[in-house]
Amino acid sequence: MYTGTLKMVRRRGADGRIPVRTLDRGASSSAAAAEPTGYPGGPYDTSLLVKYEHHVARHIWFGEERGPKKELKVAGHGLKLTSRVPLALPPQMESWVSRSGLASLQRTSLNKIDTNLVSAFVERWHLETSSFHMPFGEMSITLDDVACLLHLPIRGIFWSPQDVTEELAVELAVDYLGVSQGQAQSHVRSCRGSYYKLEWLYDLFVHHRAASSWAYATRAYLLMLVGSTIFADKTFTLVEARYLLLFRDLDGCSGYSWGAAALVTLYRYLGDASMYSCKQLGGYPTLLQYFPTVGKRGENWNPAENGGLPRAMRWSYRQGVLKVDDLRPILDELTPTDVIWRPFEDHRAWRVFDEICLYRGCLKWGETVVPYLPDRCLRQFEHRQYVPSPPLDCMMATDIDVDWISYHQSVVAVIGSSTVATTPSEVEDSYLEWYYRVSHPRLVPPHRDAPREVPVPVYDAGSSDPDWARVSTLIRRYLR
């Protein structure tokens, strides 16, 4: 760990990148020639971000946008849920909803989404590493974040569904949603696939509640709830019919790892949206809009008095004034001191940290499999960050369920190579040099002029160096 603040002068190249490795005294110029060239503004070493060629960041560096609208269209159902979620459910339904493990989703949605802020972070997501690539290293949305923000269970089984055709979607609606064959056929046909409309499910919930058909009402309500939150997709109005299979047995649906389900779905959509050709984002945006010092949020309540509620309920949305263009250079200038690395320490009385959050392996929900790699964001777990192992190839994984059950082995491997951090953002000496070679710490060029000499401070978390204080003050001035 650095014990003081160093200042080095390094020359920016024509692409605006600051090489992190300079020739040692006595080294020949041929050593520099052997350095991989990589992408302008992107990684020098392309062995990690193998899909960077198609990533939106590669295009943004050259001023190429996704389209006339620079921000993504984000799936958000918060306002609709406000009118669709009753203040209280009938006791017959409340029991099932509470036991399902999904009850907290009734109150955790934001009424509005800052699409500019969300889009600016999505531009830094890489599906190879399941993480955001920030100027100071990687960060991610973890199982611990899901547990604290949403109060969803993270332990449990993964779900492997059967294929649901349109014909089966009709049969499921008849058997488990209490509609006639003709009504089910007409509705599925109108969806043009194996889907149900969220509005239709809400109407069914209201109808069956009035008729005291509690099982039908509960299934329609839960399917509408997950389709509006953790399983929100890019249709913005539909939910896949296969998810109704989760609620066939209302007494048994509590055994699923709903937290993993939310994370797998979000990771999948983040991976899609990080590609230049994509213009929409599915998944649950509440999990994205929690970044501590960047989003404009208001307090809904005093956490000391309401700490037992999901942490996401603490905040209300404030309309942001910054556009994607404004946010990109601001994120480029973020430092480790602008991050609250462990934001839930005052929430542990209600959600104790679960060591399964340090599981390194593949997460699965349905046919979607994603890598979950906490060794890439150890600072979020109070450990010193080291150079992580290469990402997992989940396409080759065969025993994901077994790996999940025997998670202890991977936890030992993750934290066995590290130590508890002495400062919140501590990294090993070799980490940043490695990171600047394989990633892109900046998203936009700091200038488009000729190369120039610039001072580059090396961060020390214990330092009071005025350069870092100045940058932090500048960022916060933008966000007031």
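Readers should treat all values here as calculations from the given coordinates under stated rules, not as data from a laboratory. If you're wondering where the values come from, they're calculated on a predicted model, not measured in any experiment. Counting neighbours? That spans all protein chains shown, and the Cβs are built from the backbone with ideal geometry, glycine included.
Below, the figures for the structure above:
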quantity: Magnitude of the charge dipole, region 319-410, Cβ model with Lys/Arg +1 and Asp/Glu -1, debye to 20; calculated: 140
quantity: Cut-off under 5 Å, modelled amide H: who pairs with Tyr195 long-range; calculated: Ala241
quantity: Most to least packed among 228-237, 270-279 [average Cβ atoms within 10 Å]; calculated: 228-237, 270-279
quantity: Debye, to nearest 20: dipole size of region 108-208, +1 on Lys, Arg Cβ, -1 on Asp, Glu Cβ; calculated: 200
quantity: Reachable lysines from Lys364, criterion Cα separation under 22 angstrom, eight or more residues apart if same chain; calculated: Lys51, Lys234
quantity: Options Ile356, Cys377, Gly366, ranked by Cα towards positive dipole end of region 345-386, top entry (Cβ charges); calculated: Cys377
